[in-house]
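K.L.:
Below: one structure in structure tokens.
Quick note: the coordinates plus some simple rules give every number you see, no bench work behind them. Because the structure is a prediction, the values reported are computed rather than measured. Neighbour counts run over all protein chains shown; Cβ positions are idealised from the backbone, glycine included.
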Amino acid sequence: MKSYPTIEDIIGSTPLVRLQRLPGDVGEPRGNVILAKLEGHNPAGSVKDRAALSMILQAEARGDIRPGDTLIEATSGNTGIALAMAAAVRGYRMVLIMPDNSTQERCAAMTAYGAELILTPSQGGGMEYARDLALRMQSEGKGKVLDQFSNADNPRAHYETTGPEIWTQTEGGITHFVSAMGTTGTIMGVGSYLRERNPAVRIIGAQPAEGAHIPGIRKWPEAYQPSIYDPAGVDAFEPITQEQAETMARRLAAEEGIFGGISSAGAAVAALRVAAEVRDATIVFIVCDRGDRYLSSGVFN
Ligand SMILES: Cc1ncc(COP(=O)(O)O)c(C=O)c1O
């Protein structure tokens, strides 16, 4: 009998596409090519499908969890949707804790996959409060926290899949890798793989500038720095304002046909800044999710 893939088999192997118009003077005239890795092509719609599946499969392999168990996670969005999908596929009950200002389409996507939601106050608590609550519930025996912020299986997913894909897709020609930073799983995992292959590859992190609220990414207070984060893994940081990210999100869609989220647009801003400084470079940035997820925020109106 012919064997067909399951939904979990089609996570990853996402396309890498070249920007055609946005680079203008900083692109071809300087010999630069700027490439977008389209993670919105994953089945649950974001780069987080890789990390979610990796965290569940590895915990299963260690015997830490087994189907039927309850998983708990604090997440501002994409990880929740990805974990809800992966939990549905592998047979877990999923409880997700998130600030009450998360967009309605995100919450609905999680419940569609059968997850239960706990909404926490965004004012005065935010993600820090959600993360503390998840750990408290675990200590009360209410379930197992995978904790994407401290779970080595998060960057491992990118070390084992995203990084090698980019290396192969650019035939080893990548010179700069740009990613927005949330848990830092993407930049840590991809960055360490690429550096192993070629230590000259520059790793650039896009972070929200002071006062910017870009969903999914943060400049964490010291006490909440993800423990998977190693500052030595990033060569340079690019601060991105809200306005820059939102304007770029509209331009990516209207001028390139790439309908990505706001943090993805932040990575695009950083990639174009890098291009203005270099020549003959192959710059890859991550489009972590799709713009559909932000429609209710009005950014694309
Ligand atoms: C929209 C969005 N952008 C960027 C990121 C950053 O990815 P990472 O957590 O791997 O740093 C996330 C992570 O949750 C996200 O949801």
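K.L.:
Within the chain, what's the longest stretch lacking trypsin sites (Lys or Arg not before Pro) that sit in DSSP loops with no more than 14 other Cβ atoms inside 10 Å?
P.N.:
22-141
K.L.:
OK, next. Magnitude of the Cβ-charge dipole of the chain, K/R +1 and D/E -1, about the Cα centre, nearest 20 debye?
P.N.:
300
K.L.:
Kirkwood Rh, the chain, all Cα pairs: how many Å?
P.N.:
After inverting the pairwise mean of 1/r, the radius is 19.3 Å.
K.L.:
Taking +1 at the Cβ of each Lys and Arg and -1 at the Cβ of each Asp and Glu, which of 74, 127, 85 sits farthest along the dipole of region 48-145 towards its positive end, judged by Cα position relative to the Cα centre?
P.N.:
85
K.L.:
Same structure again: Work out Dmax and Rg for region 56-213 from the C-alpha atoms and quote the Rg first, both in angstrom.
P.N.:
In order Rg, Dmax, the Cα atoms of region 56-213 give 17.1, 50 Å.
K.L.:
Right, here's the next one. At 0.36 nm per residue, minus the direct Cα-Cα distance, what do residue 60 and residue 21 gain on full extension? Give it in nm, one decimal, please.
P.N.:
9.5 nm
K.L.:
Just want the ordering: 71, 96, from fewest to most Cβ atoms lying within 10 Å of their own Cβ.
P.N.:
Taking fewest neighbouring Cβ atoms as first place, the list is 71, 96.
K.L.:
Here is a further query. With an 8 Å Cα cut-off and a minimum separation of 6 or more residues, compute the relative contact order for region 48-145 in percent.
P.N.:
Answer for region 48-145 is 30 percent.
K.L.:
Distance between the C-alpha centers of region 184-213 and region 234-290? Whole Å please.
P.N.:
So the separation of the two Cα centres works out to 13 Å.
K.L.:
Let me ask something else about it. As an exercise, use a Förster radius of 41 Å and the Cβ-Cβ distance of residue 276 and residue 224 to find the FRET efficiency, rounded to the nearest 0.05.
P.N.:
0.80
K.L.:
For helix 185-197, report the angle its Cα long axis makes with the longest principal axis of the Cα atoms of the chain; keep it between 0 and 90° and round to the nearest 10°.
P.N.:
50
K.L.:
Right, next: For 297, 76, 263, 192, what ranking results if the residue with the fewest other Cβ atoms within 10 Å of its Cβ goes first?
P.N.:
297, 192, 76, 263
K.L.:
May I ask you to derive the FRET efficiency for residue 10 and residue 119 from their Cβ-Cβ distance with R0 = 30 Å, giving the value to the nearest 0.05?
P.N.:
Step by step, r from the Cβ atoms, then E = 0.45.
K.L.:
Additional query: What ranking do 175, 14 get, fewest neighbouring Cβ atoms within 10 angstrom at the top?
P.N.:
175, 14
K.L.:
Mind pulling the per residue volume of the convex hull built on the Cα atoms of region 48-145? Å³ is fine.
P.N.:
Measuring per residue, one finds 81 Å³ for the Cα hull of region 48-145.
K.L.:
Here's something else I'd like to know. Mind checking the angle between helix 78-90 and the chain's longest principal axis? C-alpha axes, 0 to 90 degrees, to the nearest 10.
P.N.:
With rounding to tens, the tilt is 50 degrees.
K.L.:
Compute the projected area of the convex hull of the Cα atoms of region 1-74, averaged over all viewing directions, and report it in nm² to one decimal place.
P.N.:
That works out to 9.0 nm², a quarter of the Cα hull's surface.
K.L.:
Find how much the distance from residue 253 to residue 197 grows on full extension, using 0.36 nm per residue of separation minus their present alpha carbon separation; answer in nm with one decimal.
P.N.:
16.9 nm
K.L.:
Between rounded, prolate and oblate, where does region 217-301 land on the alpha carbon gyration tensor, with a ≥ b ≥ c its root eigenvalues, rounded for a/c under 1.5, else prolate if a/b exceeds b/c?
P.N.:
Oblate is the answer for region 217-301, as a/c is 1.5 or above yet b/c matches or exceeds a/b.
K.L.:
Could you give the angle, 0 to 90 degrees to the nearest 10, between helix 262-277's Cα long axis and the longest principal axis of the Cα atoms of the chain?
P.N.:
Approximately 30 degrees, to the nearest ten.
K.L.:
Once R0 is set to 25 Å, what does the formula 1/(1 + (r/R0)^6) return for the Cβ-Cβ distance between residue 1 and residue 105, expressed as a FRET efficiency to the nearest 0.05?
P.N.:
Using R0 = 25 Å, I get an efficiency of 0.05.
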